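Notes for the one structure printed next.
A short reminder: the numbers here are calculations on the coordinates, not readings from a lab. Note that the structure is a prediction, hence the values are computed from the model and not measured. FYI the Cβ positions are ideal-geometry reconstructions off the backbone, even for glycines, and counts take in every protein chain you see.
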Amino acid sequence: MKLAAVNSVITILILFVPLILQILICKYIKGRAGLILPGLSFIISIIYILNIPEGVGDWWMAVLITMVIANIPTIIYYLIYRYYDNKEKQKDELDKMKIMDM
């Protein structure tokens, strides 16, 4: 019973800590630093694809399915980056407009 609880906590940490880390990086560090986790996630997905044996029946279908599933975190991390990047651009434009009004 305790082992199942520990496994559940570890699984939740593995899923949510990178998301929180991505949000914090995008929120507080300006520039391209928010692309670190999407890049790492994409590299890991390529490693998954390279580990598919060629002897499998429909190899291209296995590659395609692996590519789609393995890149779900990449897409989520990239969308978080784009959200905060657009938010920062809007803030900069608003600041420029305020300066122009003065």
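Remarks
- Relative to its residue count, segment 46-102 spans a Cα convex hull of 72 Å³ per residue.
- Checking the cross-link pairs Lys2/Lys27; Lys27/Lys98; Lys2/Lys87 against a 32 Å limit on the alpha carbon distance flags Lys2/Lys27; Lys2/Lys87 as lying beyond it.
- Derived scalar couplings between HN and Hα for segment 57-63 equal x, 9, 5, 5, 5, 5, 5 Hz in order, rounded to whole Hz, by the Karplus curve 6.51 cos²θ - 1.76 cosθ + 1.60 (θ = phi - 60°), x for Gly and Pro.
- Taking 7 Å steps out from each Cα toward its Cβ at Ala4 and Lys89 produces label points 4.8 nm apart.
- FRET efficiency estimate (nearest 0.05) - Cβ-Cβ, Phe16 to Ile46, R0 25 angstrom: 0.55
- Among 13-22, 62-71, 87-96, sorting by the average number of other beta carbon atoms lying within 10 angstrom of each residue, highest first, gives 62-71, 13-22, 87-96.
- Normalised Debye scattering of segment 1-101 at q = 0.15, 0.20, 0.21 Å⁻¹ gives log10 I(q)/I(0) of -0.78, -1.00, -1.03, counting only Cα atoms as equal scatterers and leaving out solvent.
- Intensity falloff of segment 4-61 expressed as log10 I(q)/I(0), Debye formula with alpha-carbon point scatterers, at q = 0.17, 0.18, 0.25, 0.29 Å⁻¹: -0.77, -0.80, -0.95, -1.08
- Compared with the direct C-alpha span, the chain from Ile23 to Asp101 gains 24.8 nm at full extension, assuming 0.36 nm per residue.
- Remark: relative contact order (segment 1-101) = 31 percent; criterion is Cα-Cα distance under 8 angstrom and separation of 6 or more residues.
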